[in-house]
Amino acid sequence: MTDYGNYAQIRKYDVANGFGIRVSIFCTGCTHKCPGCFNELYQDFNYGEKWTEKETQLVIDYMKDPVVKGLTILGGEPFQNTWLAEVIRAVKKETDKEIWAYSGYVYEELIKDPDRLDMLKECDVLIDGPFIQDLLNLKLKFRGSSNQRVIDVKKTLEKKQVVTLDID
């Protein structure tokens, strides 16, 4: 059984963090400490509640709603909470919907760590890179600063070079 970490919230219907209506998991814990972070409370690994199998089942139930297009994982730093890979696999076993993840790491960093790569392989879209206050751009979709990329994970892994989605 996995040693789950903490989470701050689960949103049943989220329209801000990916295409369509999504279920979102906000994990807690992040060491990036980006100045201007919009979820500063979620940087604390002890913030929130302990994840259990009950939360996994709740997310699966939410995902089965036909209006839900996918799952988005953010935080905190999801890739410092690689226990989420097991949650993603459980969701994928029960539903066939896309998985998005946000990370303050860039793709090139994530693929160097076996646990992070394992979790990344379960995702369809990655929004990568730290939030940089000087590059803030409120016109961008699904990200806060212009250095952040929206990456098609499956195509990127297949081609062995970053393939971004044109969403703006």
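Checking each residue in segment 39-92 for being among the hydrophobic types (A, V, I, L, M, F, W, C), farther than 24 Å from GLU109 by Cβ and either in contact with an Asp or Glu (Cβ under 8 Å, 6 or more places away or on another chain) or in a helix (DSSP H, G or I) (or both) picks out LEU41, LEU58, VAL59, ILE60, MET63, ALA90, VAL91.
With respect to the stated conditions, SER146 is over 19 Å from GLY48 (Cβ atoms), in contact with a Leu (Cβ under 7 Å, 6 or more places away or on another chain) and of a type in the set (Ser, Thr, Tyr). Beta carbons closer than 9 Å, at least 6 apart along the sequence or on distinct chains, pair a first residue in segment 35-56 that is free of Cβ contacts under 8 Å to residues at least 24 places away in the same chain with a second that is surrounded by 12 or more Cβ atoms within 10 Å (Cβ to Cβ) for ASP44/ASN6; ASP44/THR28; ASP44/GLY29; ASP44/CYS30; ASP44/GLY76; GLU53/TYR4; GLU53/ALA90. Among the residues of segment 99-116, those identified as crowded, with 16+ Cβ neighbours inside 10 Å and over 11 Å from the mean Cα position of the chain (by Cα) are TYR105, VAL106, TYR107, LEU110, ILE111, ARG116.
Does ARG149 satisfy the criteria of being more than 25 Å from GLY36 (Cα to Cα) and modelled with pLDDT of 95 or more?
No: the conditions fail for ARG149.
Just so you know, in segment 145-159 the residues that are touching a helix residue (DSSP H, G or I) at 6+ places or on another chain (Cβ under 7 Å) and within 14 Å of GLY18 (Cβ to Cβ) include one that is surrounded by the most Cβ atoms within 10 Å (Cβ to Cβ), and it is ILE151. Out of all the residues in segment 64-84, which are closer than 15 Å to CYS123 by Cβ and basic (Lys, Arg)? Once the filter is applied, which keeps residues that are closer than 15 Å to CYS123 by Cβ and basic (Lys, Arg), segment 64-84 yields only LYS69.
Does GLY36 satisfy the condition of being surrounded by fewer than 15 Cβ atoms within 10 Å (Cβ to Cβ), on the phi > 0 side of the Ramachandran plot and not in a helix (DSSP H, G or I)?
Values: surrounded by fewer than 15 Cβ atoms within 10 Å (Cβ to Cβ): yes; on the phi > 0 side of the Ramachandran plot: yes; not in a helix (DSSP H, G or I): yes.
So GLY36 passes the test.
Comparison of ASP134, ASP118 shows that the only residue that is among the charged types (D, E, K, R) and within 24 Å of GLU86 (Cα to Cα) is ASP118.
Would you mind finding the one in ILE60, ILE127, ILE111 that is of a type outside the set (S, T, N, Q), more than 16 Å from VAL23 (Cα to Cα), free of Cβ contacts under 8 Å to residues at least 40 places away in the same chain and touching a helix residue (DSSP H, G or I) at 6+ places or on another chain (Cβ under 6 Å)? Let's see the steps before the verdict.
Values: ILE60 fails: more than 16 Å from VAL23 (Cα to Cα); ILE127 fails: touching a helix residue (DSSP H, G or I) at 6+ places or on another chain (Cβ under 6 Å).
Going through ILE60, ILE127, ILE111 in turn, the sole match is ILE111.
Of all the residues in segment 1-14, those that are at pLDDT 95 or above and of a type in the set (Val, Ile, Thr) number 1.
The values are calculated or read from the model by the stated rules, or taken from the named source; none is laboratory data. Owing to the predicted nature of the structure, the values given are computational and were not obtained by experimental measurement. Ideal geometry is used to build each Cβ from the backbone, glycine not excepted, and the neighbour counts take in all protein chains shown.
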